[in-house]
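The values are calculated or read from the model by the stated rules, or taken from the named source; none is laboratory data. For clarity, every value in this text was computed on a predicted model and none was experimentally measured. No Cβ is skipped: glycine too gets one built from the backbone with ideal geometry, and neighbour counts run over all protein chains shown.
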Amino acid sequence: MGILNRITGQASKSDVNTTAAPLINVSRRGFLQGSGGLAIGICFGPVACTSEKAAVSAADIAPFVPNAFLRIGADNSVTVIAKFLEMGQGTFTGLATLAAEELDADWAQVSVEAAPADASKYANAMLGGQGTGGSTAMADAHVQMRMAGASARAMLVSAAAEQWKVPAAEITVSKGTIRHAASRKEASFGQFAESAAKQTVPTAESIKLKDPKDFTLIGSTQTPRKDSAGKTDGTAMFTQDVKLPGMLVAVLAHSPKFGGAIKTVDDTAARAVAGVIDVVRVDAVPGVTRAAVAVLAKNTWVAKQGRDALVIEWDDSAAFAKSSVDIAKEFKALAAKPGPVAGTRGDAAAALKKPAKKIEAVYEFPYLAHAAMEPLNCVVDLKADRCEIWNGEQFTTADQASAAAVLGFKPEQVTIKQLYAGGSFGRRASSKSDFIVEATALAKAARAKGVEAPIKMIWTREDDMRGGYYRAGFVHAIKAGLDGDGNIAGWQSRLVGQSIAKGSPMEPFMIHNGIDHSSVEGTSDTRYDIANLQVELHTVEYPLPVLWWRSVGHTHTAYAMETMIDELAHAAAKDPIEFRKTLLAKQPRHLGVLALAAEKSGWGKPLAEVAGKKRGRGIAVHESFNTFVAEVAEVSIDEEGLLTVDRVVCAVDCGLAINPDVIKAQMEGGIGFGLTAILKSEISFDKGAVVQGNFGDYPMLRINEMPKIEVYIVPSAEKPTGVGEPGTPPIGPAVANAVFAAVGKRIRKLPFGDQLSA
Amino acid sequence: MTELSINGVKKTHDGDPAMPLLWFIRDEVGLTGTKFGCGVAQCGACTVHLDGNPIRSCVTPVAAAAGKNITTIEAAVGDKVGAAVQASWRKLDVVQCGYCQSGQMMSAVALLAKNKAPTDEDIDAAMSGNVCRCATYVRIRAAIHDASKALA
């Protein structure tokens, strides 16, 4: 399977969850060297020890490393090695749950550590390289992590059988304790760490995974997040928190326009700021990074003061110079013309010639910034022949290769220390490794000037918001018709927007016959049984950097599809849920979440009246990343047009629910994230310069605006699929449909802003 | 030379007195639980207590904190209210990316220290200066109510 084919949807729907997950075994022999010669009888852990030599500490014994994903210490610790970035989505907890389930570990003894960059051990089979994205982690790793746990368990049992001289089949393991009931022997994992390492690694074929009815951790709510403690006492380590000996901080002045170049730099005033060490010019990598000038200083504040004191004249002759009004005009003009076909069924043109009823609508979606709470940053410690990067990033081995290319190194000369990311939502999955390339190029330029200190590159909030790699703006023009019975006769969607893949290393994998599937996913492959459907795509080539943004194409396609379906249901005088059910008759998982959301929301029952407010309820259902979500929103709108989203009921089917509470949290968060976007967010351009810079003009949803949310999980034995993204797409259309139910107004231009008070 | 008390420990700053307290705490003292999010007091990730009151350290000059008691997340979880907030945050698994949570907890501790039984409206008023991009707001609200019960 090719890189990112899951994100792009190029994999067929039936094979995405059947990826073979071989159990990877690292060489177990190397670490055993030097650990021999210890006296028999030494024991560790909770069981009383009688050996006189027990003073040897657990730390002196090499840990048991059964495979690339587990390390069991003589101190009875179980460390899960996570190949995915923890950016809030709960992947560390999920991976630990899977391994600990088959290992029969005690949840309390398990901790999680980020894996180094090494695609030979830690590749994501659904993406191609070592990477996190496309809500693939649980789908990719659920068998692999369970196998890792089961293999380690078998080796511990084998070691116990050998020492206790009992049949392995008579040994049980539960909550971190190995037992032989008949001989009343028991031991901790730690006690057998050393001898387990000497056992033969079982073959994958010999391992039998648990029957789901025997699960104790998978599906349990007794597996609290593994990153909760460090994130509630200030000790969790983000890139922003790295401080290496002698480290300098760099703050940069970037070209305010994409494609701008440096004409002149006067750094006299910057160098005069006390504490500024040097000023370094960082040339643009065309199509990847912007031209920049970096100020290096002993701390962040000084570096920023220095940066602000730079006097730079920019050469904008080749820069992007359009404004948002021009962009909208161009997109809408294109949407009026036929374009390359992204998907077709039947004959939409013929069906739309004389339908009984016809609805035409144009939807406008703005560019969006990810605006994670931790602005982009990267720490680089560059030496003559090696480079160490400290960062939280989604595309580990691609970033390693990009950094190596900047430096003229081989990838193995670049090591990456993976840290927590303070949010990402796709931004730290840079298709061109832009901020890693910039930090590495900066370190290289600084080193060429004699600066050998490690450098922490920090983007301010404004740098982050104006630095691009946005969710691409889109226009959808839809024509849809109903026949005399109120069934959909034909549907034509024409989409206009930039391609994420175009010009990136992903292009050969993501663009087929001129179509970037991530631009149209969720519409050209809609599960609605529409006999005559045509989806066309105009791909606009602007030099604005665009990227996946929590749920990628579904961010706009779900909105256009689900609000238009609602319009058609009303035009056909049918209940919006019944209308959908007919169109989804062959889609049991869609039907399942629709029914659950309808039941739990009280669909069909009148909403409680609130004086001075009009109230409405709306639904949307959408599949993304093989997860199915239906959301019902309840809204109130006062006489001045002020909208409140009061309650959201969410039903999700993500297959086997590994961590139900994490799934709930991701639905809650995905809903809040989507609400910010549809109600408030827009990145706009003024002659090429990004207008918004901080949370004042790119506002976020606040606690007082967060609805009550109820999440219901469809019980399922299907293979697990992701939950980081799929909660986001349905909320926009659910709210828009509720607004229509309340006040009869269709909102087709995002964000909502003040359109309801107009 | 500015003298400060951070988590009960005396510190001196001999650089620019206009430097925001945030950067003194993070870069000079090395307490990195307090976060940089916006630099303009719009997100609350940098919230610390100045004599018990929540302030945005990214816009508070070091000079303005001279002679006052500064408390950061590292010490705030040590007292009764702070420990209750931390316990509720963990019990309800509030965090996602976690970057804003020090600031959220500092605002919550300041609220509960003054108001032992906050209503939803009180929570909105005290917490709406703190942005959570992961939108963990449902659980932040629940955790404040939970801590309030534990403290009653």
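Small (Gly, Ala, Ser), over 30 Å from A:ILE663 (Cβ atoms), buried (at least 20 other Cβ atoms within 10 Å of the Cβ) and not assigned by TED's automatic domain parsing to the domain that holds B:LEU21, is that true of B:ALA110? Show your work before the answer.
Details: small (Gly, Ala, Ser): yes; over 30 Å from A:ILE663 (Cβ atoms): yes; buried (at least 20 other Cβ atoms within 10 Å of the Cβ): yes; not assigned by TED's automatic domain parsing to the domain that holds B:LEU21: yes.
Criteria met by B:ALA110.
In region A:697-722, how many residues are within 14 Å of another protein chain (Cβ to nearest Cβ) and touching a strand residue (DSSP E or B) at 6+ places or on another chain (Cβ under 6 Å)?
Matching residues across region A:697-722 total 5.
For region A:318-425, which helices (runs of 4 or more DSSP H) that fit wholly inside it have 2 or more residues that are in contact (Cβ under 8 Å) with a residue 40 or more places away in the chain and not assigned by TED's automatic domain parsing to the domain that holds A:ASP516?
Counting at least 2 such residues, we get A:324-335, A:396-407.
Just to be sure, is A:LYS298 under 30 Å from A:PHE685 (Cβ atoms), within 14 Å of chain B (Cβ to nearest Cβ) and of a type in the set (Lys, Arg)? Let's see the steps before the verdict.
Details: under 30 Å from A:PHE685 (Cβ atoms): no; within 14 Å of chain B (Cβ to nearest Cβ): yes; of a type in the set (Lys, Arg): yes.
Against the criterion (under 30 Å from A:PHE685 (Cβ atoms), within 14 Å of chain B (Cβ to nearest Cβ) and of a type in the set (Lys, Arg)), A:LYS298 does not qualify.
Would it be correct to say that A:ASP661 is within 20 Å of A:THR221 (Cβ to Cβ) and within 10 Å of chain B (Cβ to nearest Cβ)?
Details: within 20 Å of A:THR221 (Cβ to Cβ): yes; within 10 Å of chain B (Cβ to nearest Cβ): yes.
The answer is yes for A:ASP661.
Report yes if A:VAL173 is assigned to a strand (DSSP E or B) and in contact with a strand residue (DSSP E or B) (Cβ under 9 Å, 6 or more places away or on another chain), otherwise no. So that I can check it myself, show each step before the final result.
Working: assigned to a strand (DSSP E or B): yes; in contact with a strand residue (DSSP E or B) (Cβ under 9 Å, 6 or more places away or on another chain): yes.
Criteria met by A:VAL173.
Here is a check on your reading of the model: is A:VAL406 under 25 Å from A:PHE258 (Cβ atoms), crowded, with 20+ Cβ neighbours inside 10 Å and at pLDDT 95 or above?
Working: under 25 Å from A:PHE258 (Cβ atoms): yes; crowded, with 20+ Cβ neighbours inside 10 Å: yes; at pLDDT 95 or above: yes.
The answer is yes for A:VAL406.
Tell me whether region B:4-15 contains one or more residues that are touching a residue at least 60 places away in the same chain (Cβ under 8 Å) and in contact with a His (Cβ under 8 Å, 6 or more places away or on another chain). Give the derivation first.
In the first step, residues of region B:4-15 are kept if they are touching a residue at least 60 places away in the same chain (Cβ under 8 Å); the result is B:4-8.
So of that shortlist, the ones also in contact with a His (Cβ under 8 Å, 6 or more places away or on another chain) come out as B:4.
Within region B:4-15 (the criterion being touching a residue at least 60 places away in the same chain (Cβ under 8 Å) and in contact with a His (Cβ under 8 Å, 6 or more places away or on another chain)), the answer is yes, since at least one residue qualifies.
Determine whether region A:728-738 contains at least one residue that is part of a loop (DSSP other than H, G, I, E, B), in contact with a Lys or Arg (Cβ under 8 Å, 6 or more places away or on another chain), under 24 Å from A:GLU623 (Cα atoms) and not hydroxyl-bearing (Ser, Thr, Tyr).
So far as region A:728-738 goes, no, none of its residues is part of a loop (DSSP other than H, G, I, E, B), in contact with a Lys or Arg (Cβ under 8 Å, 6 or more places away or on another chain), under 24 Å from A:GLU623 (Cα atoms) and not hydroxyl-bearing (Ser, Thr, Tyr).
Can you tell me which of A:VAL201, A:VAL143 is touching a helix residue (DSSP H, G or I) at 6+ places or on another chain (Cβ under 8 Å) and either within 14 Å of chain B (Cβ to nearest Cβ) or in contact (Cβ under 8 Å) with a residue 12 or more places away in the chain (or both)?
Values: A:VAL143 fails: touching a helix residue (DSSP H, G or I) at 6+ places or on another chain (Cβ under 8 Å).
Being touching a helix residue (DSSP H, G or I) at 6+ places or on another chain (Cβ under 8 Å) and either within 14 Å of chain B (Cβ to nearest Cβ) or in contact (Cβ under 8 Å) with a residue 12 or more places away in the chain (or both) holds for just one of A:VAL201, A:VAL143, which is A:VAL201.
For every residue, the table says whether it meets (1) in contact with a strand residue (DSSP E or B) (Cβ under 7 Å, 6 or more places away or on another chain); (2) polar (S, T, N, Q); (3) not assigned by TED's automatic domain parsing to the domain that holds B:HIS145.
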{"residue": "B:LYS10", "(1), (2), (3)": "yes, no, yes"}
{"residue": "B:ASP14", "(1), (2), (3)": "no, no, yes"}
{"residue": "B:ARG26", "(1), (2), (3)": "no, no, yes"}
{"residue": "B:VAL40", "(1), (2), (3)": "no, no, yes"}
{"residue": "B:THR47", "(1), (2), (3)": "yes, yes, yes"}
{"residue": "B:ASN53", "(1), (2), (3)": "no, yes, yes"}
{"residue": "B:GLY67", "(1), (2), (3)": "yes, no, yes"}
{"residue": "B:GLN86", "(1), (2), (3)": "no, yes, no"}
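Check whether at least one residue in region A:266-274 is of a type in the set (Val, Ile, Thr), at pLDDT 95 or above and over 27 Å from A:VAL691 (Cα atoms), and report yes or no. Walk me through how you get there before you give the answer.
The first filter runs over region A:266-274 and keeps only residues of a type in the set (Val, Ile, Thr), leaving A:268, A:273.
Imposing the further condition that a residue be at pLDDT 95 or above reduces the set to A:268, A:273.
Next, from what is left, pick out any that are over 27 Å from A:VAL691 (Cα atoms): A:268, A:273.
Yes, region A:266-274 contains a residue that is of a type in the set (Val, Ile, Thr), at pLDDT 95 or above and over 27 Å from A:VAL691 (Cα atoms).
Would you confirm, using the coordinates I've provided, whether B:VAL85 is in contact with a Leu (Cβ under 8 Å, 6 or more places away or on another chain), crowded, with 24+ Cβ neighbours inside 10 Å and more than 8 Å from every other protein chain (Cβ to nearest Cβ)?
yes
Among residues belonging to region B:89-109 that are facing chain A (nearest Cβ under 7 Å) and of a type in the set (A, V, I, L, M), point out the one that is farthest from the chain's Cα centre (by Cα). Please lay out each step first, then the result.
Taking region B:89-109 as the starting set, the residues that turn out to be facing chain A (nearest Cβ under 7 Å) are B:89-90, B:93, B:95-102, B:105.
Retained after the next criterion (residues that are of a type in the set (A, V, I, L, M)): B:95, B:105.
Details: B:VAL95: 15, B:MET105: 6 Å.
Taking the candidates together, the pick is B:VAL95.
The conditions are (1) in a strand (DSSP E or B); (2) closer than 17 Å to A:TRP301 by Cα, and B:SER5 fails exactly one of them. Which is it?
Among (1) in a strand (DSSP E or B); (2) closer than 17 Å to A:TRP301 by Cα, the lone unmet condition for B:SER5 is (2).
Just checking, how many residues over region A:539-550 are touching a Phe, Trp or Tyr at 6+ places or on another chain (Cβ under 8 Å) and either in the same structural domain as A:SER424 (by TED's automatic domain parsing) or not aromatic (Phe, Trp, Tyr) (or both)? Outline the logic, then answer.
Here is the first cut: in region A:539-550, the ones touching a Phe, Trp or Tyr at 6+ places or on another chain (Cβ under 8 Å) are A:540, A:542-547, A:549-550.
Pick out the ones that are also either in the same structural domain as A:SER424 (by TED's automatic domain parsing) or not aromatic (Phe, Trp, Tyr) (or both) and you get A:540, A:543-547, A:550.
Within region A:539-550, residues that are touching a Phe, Trp or Tyr at 6+ places or on another chain (Cβ under 8 Å) and either in the same structural domain as A:SER424 (by TED's automatic domain parsing) or not aromatic (Phe, Trp, Tyr) (or both) number 7.
Just to be sure before I move on: is A:GLY670 under 30 Å from A:PRO606 (Cβ atoms), in the same structural domain as A:THR555 (by TED's automatic domain parsing) and under 17 Å from the mean Cα position of the chain (by Cα) in the structure I sent?
Details: under 30 Å from A:PRO606 (Cβ atoms): yes; in the same structural domain as A:THR555 (by TED's automatic domain parsing): yes; under 17 Å from the mean Cα position of the chain (by Cα): yes.
Yes, satisfied.
What do you reckon, is A:VAL143 in a helix (DSSP H, G or I), over 30 Å from A:MET506 (Cα atoms), of a type in the set (Val, Ile, Thr) and under 40 Å from the mean Cα position of the chain (by Cα)?
Numbers: in a helix (DSSP H, G or I): yes; over 30 Å from A:MET506 (Cα atoms): no; of a type in the set (Val, Ile, Thr): yes; under 40 Å from the mean Cα position of the chain (by Cα): yes.
No.
For A:TYR542, only one of the following conditions fails: (1) closer than 22 Å to A:ALA333 by Cα; (2) in contact with a helix residue (DSSP H, G or I) (Cβ under 6 Å, 6 or more places away or on another chain); (3) hydroxyl-bearing (Ser, Thr, Tyr). What is its number?
(2)
What do you reckon, is A:ALA439 of a type in the set (A, V, I, L, M), modelled with pLDDT of 95 or more, buried (at least 22 other Cβ atoms within 10 Å of the Cβ) and in the same structural domain as A:LEU244 (by TED's automatic domain parsing)?
Details: of a type in the set (A, V, I, L, M): yes; modelled with pLDDT of 95 or more: yes; buried (at least 22 other Cβ atoms within 10 Å of the Cβ): yes; in the same structural domain as A:LEU244 (by TED's automatic domain parsing): yes.
Spelling it out, A:ALA439 is indeed of a type in the set (A, V, I, L, M), modelled with pLDDT of 95 or more, buried (at least 22 other Cβ atoms within 10 Å of the Cβ) and in the same structural domain as A:LEU244 (by TED's automatic domain parsing).
Give me the residue from region A:447-457 that is buried (at least 24 other Cβ atoms within 10 Å of the Cβ) and of a type outside the set (Lys, Arg) and, out of that set, nearest to A:GLN240 (Cα to Cα). Explain how you work it out, then say what you get.
So the first thing to find is which residues in region A:447-457 are buried (at least 24 other Cβ atoms within 10 Å of the Cβ), and the list is A:455-457.
If we keep only those that are of a type outside the set (Lys, Arg) too, we end up with A:455, A:457.
Details: A:ILE455: 12, A:MET457: 9 Å.
This residue is A:MET457.
Check A:ASP211 against each of (1) surrounded by fewer than 17 Cβ atoms within 10 Å (Cβ to Cβ); (2) touching a Gly at 6+ places or on another chain (Cβ under 9 Å) and name the one condition it does not meet.
(2)
Mind telling me which of the residues B:VAL59, B:VAL95 ends up being surrounded by fewer than 21 Cβ atoms within 10 Å (Cβ to Cβ), in contact with a Cys (Cβ under 9 Å, 6 or more places away or on another chain) and in contact (Cβ under 8 Å) with a residue 24 or more places away in the chain? Steps first, answer last, please.
Details: B:VAL95 fails: surrounded by fewer than 21 Cβ atoms within 10 Å (Cβ to Cβ).
Matching residue, one of B:VAL59, B:VAL95: B:VAL59.
It is to be established whether one or more residues within region A:471-482 are part of a strand (DSSP E or B) and touching a Gly at 6+ places or on another chain (Cβ under 6 Å). Walk me through it before giving the result.
Our first condition is that a residue be part of a strand (DSSP E or B); within region A:471-482, this holds for A:471, A:474-482.
This time we only want the ones that are touching a Gly at 6+ places or on another chain (Cβ under 6 Å), so: A:474, A:481.
Scanning region A:471-482 turns up at least one residue that is part of a strand (DSSP E or B) and touching a Gly at 6+ places or on another chain (Cβ under 6 Å).
Does region A:417-425 include one or more residues that are away from chain B (no Cβ under 14 Å) and of a type in the set (Phe, Trp, Tyr)?
First, pick out the residues of region A:417-425 that are away from chain B (no Cβ under 14 Å): A:417-418.
Imposing the further condition that a residue be of a type in the set (Phe, Trp, Tyr) reduces the set to none.
Within region A:417-425, none of the residues are away from chain B (no Cβ under 14 Å) and of a type in the set (Phe, Trp, Tyr).
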